[in-house]
Amino acid sequence: MHSITTQVLGNVQLAALRGMLAMFGEVFEDIDTYTGSQPDDRYLSQLLSRDDFIAIAAMSGGQVIGGLAAYVLHKFEQQRSEIYIYDLAVRLEHRRQGVATALICALRGLARERGAYVILVQADKGDAPAIALYNKLGVQEDVLHFDINP
């Protein structure tokens with residue numbers, strides 16, 4: 001068994017980011033969204049260079065087994081920021097091994113370094129594993145989420 005490591009991706013780690021995209025597509029059963037028309041290397045490199053995007057890969061044996069994509073939201077009401085976890089997934093065969101917890105812990109460290117106020121994440125009703133994970137690490141709020149088409 002290989003050890004599991006987490007790595008905050010920088011602008012030269014495009015292969016790991018593309019591995020995360022493929023993994024998200026498989027885990028979320030939405031391959032077309034995540035791999036159908038991926039951005040070119042220049043776009044992804046620029047995205048990874050930004051201070052308002054965070055990608056963290058969980059690796060084992062040189063393969064991406066989990067990943068987290070988050071956005072830093074710079075607030076206007078106070079000089080602070082929040083971090084929103086947009087995507088978080090772990091390959092099925094690596095679940096229940098602390099991978100998602102390790103990804104969130106890596107993000108927590110980065111959030112502290114950057115002075116973020118809070119980390120936000122959503123879970124779908126009925127997604128018991130995600131809800132259990134997030135309850136273990138944070139405080140649950142009962143909110144409604146709406147998608148508004150542009």
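Just give me the residues in region 80-106 being out of contact with any strand residue (DSSP E or B) (no Cβ under 6 Å at 6 or more places or on another chain) and of a type outside the set (D, E, K, R), in sequence order.
Of region 80-106, the ones out of contact with any strand residue (DSSP E or B) (no Cβ under 6 Å at 6 or more places or on another chain) are 80, 89, 92-93, 95-98, 101, 104-105.
Once the filter is applied, which keeps residues that are out of contact with any strand residue (DSSP E or B) (no Cβ under 6 Å at 6 or more places or on another chain) and of a type outside the set (D, E, K, R), region 80-106 yields A89, L92, Q97, G98, T101, I104, C105.
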Inset, instruction - Looking only at region 31-46, count how many residues are among the polar types (S, T, N, Q) and either without any contact (Cβ under 8 Å) to a residue 12 or more places away in the chain or within 14 Å of G19 (Cβ to Cβ) (or both). - result: 4
Inset, instruction - Quickly run through region 85-130 and pick out the residues that are aliphatic (A, V, I, L, M), under 23 Å from I4 (Cα atoms) and modelled with pLDDT under 75. - result: A130
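Would you say Y84 is among the hydroxyl-bearing types (S, T, Y) and either surrounded by 18 or more Cβ atoms within 10 Å (Cβ to Cβ) or without any contact (Cβ under 8 Å) to a residue 24 or more places away in the chain (or both)?
Numbers: among the hydroxyl-bearing types (S, T, Y): yes; either surrounded by 18 or more Cβ atoms within 10 Å (Cβ to Cβ) or without any contact (Cβ under 8 Å) to a residue 24 or more places away in the chain (or both): no.
Criteria not met by Y84.
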Inset, instruction - Answer yes if at least one residue in region 55-75 is modelled with pLDDT of 90 or more, out of contact with any Pro (no Cβ under 9 Å at 6 or more places or on another chain), closer than 27 Å to H2 by Cβ and polar (S, T, N, Q), and no otherwise. - result: yes
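The values are calculated or read from the model by the stated rules, or taken from the named source; none is laboratory data. Here the structure is a predicted model, which is why all the values come from computation and not from measurement. Cβ: placed from backbone, ideal geometry, glycine included. Neighbour counts: every protein chain shown.
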